[in-house]
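Enquirer: So that we are looking at the same thing, I have put the structure below in structure tokens.
What follows draws every value from the coordinates through simple rules; no lab data is involved. Keep in mind that what you see is a predicted model, and the values were worked out from it rather than measured. Don't worry about glycine lacking a Cβ; one is built from the backbone with ideal geometry, like all the others, and counts go over all protein chains shown.
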Amino acid sequence: MIEAVGVHHAWGRDPVLRGVDLTVAPGEVVALVGPNGSGKTTLLRTLYRAVTPDAGTVRVGGDDLRRLRRAEIARRLAVVVQEDPGDLPQTAAQTVLLGRHPARTPRTPRTAGAGRGGHDDHAAALAALHRVGAAHLARRPVTELSGGERQRVLIARALAQGAPRLLLDEPTNHLDVHYQHEVLHLVRDLGLTTVVVLHDLNLAARYADRLVLLDAGRVVAQGAPADVLSSDALTAVLRVDAAPVRAGDGRPQLLFRRAGA
């Protein structure tokens, strides 16, 4: 379980989070949604202690995050943030292998000829690539991969940690429609306790078990996608007219139009 209780945070004099409460049950996929500046990414960052809240408590597995060492946090939480791998001459397999660092101890054996890490590390990295359907990319340079392929590799790197909880910040950013659905379908099928920041409400409604709508640092609505998408709070926050409809599979989706049009 992941819990945030009464979390406040400000950048200088500007409040970003104002008394946020959040609970994510084991195996649940929760999407943080809301307009730019609503506090989504800051809240996500408090959940893995990249940001320390000014007040309130974050617990992971029942333990106060402030009392855990960084290595222990990494064993409990895997994180996929928005990043650019740049021009590093690294293969997909080498990138995923970086995720094994939290699982190592000073006594972890290293096998001659295995490169960085031992056989267990390489086996875990390959298993993670298989799990995201990217084993065929293992020897490809990351710089040659498409956006969707890179996201799969970054998720595999997170999975290689072996953590039972996954946090993702805008994993569909800059991806075309095909890869947006591919990546989120993958995330949902992993079966991990997951918190994901998303801008696209229709994607969030399709792949998340529960939505948490933030505005100006406060939770203004949360619950099943159908409940949040039909709430008055959603229209007020978005400042556009949003009409929920049912897709062919029964999942709620939104039709938008400019307010008053």
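Enquirer: For the chain, what is the calculated [θ] at 222 nm in deg cm²/dmol (nearest 500), taking -39500 (n - 2.57) for each run of four or more DSSP H residues and dividing by its residue count? Before the final figure, lay out each step's value.
Expert: Working: 9 runs with 79 residues, N = 261.
Estimated from H runs of four or more residues: -8500 deg cm²/dmol.
Enquirer: So, in nm, how far is label A224 from label N173 when the simple model puts each one 7 Å beyond its Cα toward the Cβ?
Expert: In this crude label model, A224 to N173 measures out at 3.2 nm.
Enquirer: While we're here: What percentages, rounded to whole numbers, describe P(r) for the stretch 176-246 computed over all alpha carbon pairs with 5 Å bin width beginning at zero?
Expert: 3, 14, 27, 24, 17, 12, 3
Enquirer: In the set (i) 14.1; (ii) 12.9; (iii) 15.6, which value of mean projected area of the Cα convex hull in nm² was calculated from the structure you see?
Expert: It is the value labelled (iii).
Enquirer: How about the stretch 1-50: which trypsin sites (Lys or Arg not before Pro) there lie in a loop by DSSP and see at most 10 other Cβ atoms within 10 Å?
Expert: Working: sites: R13, R18, K40, R45, R49; in loops: R13, R49.
In loop regions of the stretch 1-50 (DSSP not H, G, I, E or B), the sparsely surrounded trypsin sites (Lys or Arg not before Pro) are R13.
Enquirer: What fraction, in whole percent, of alpha-carbon pairs in the stretch 1-105 exceed 24 Å separation?
Expert: I get 33 percent for the Cα pairs in the stretch 1-105 exceeding 24 Å.
Enquirer: Then there's this: Using Cα pairs closer than 8 Å and at least 6 residues apart in sequence, work out the relative contact order for the chain, in percent.
Expert: Values: 508 pairs, mean separation 63.7, N = 261.
Once normalised by length, the contact order is 24 percent.
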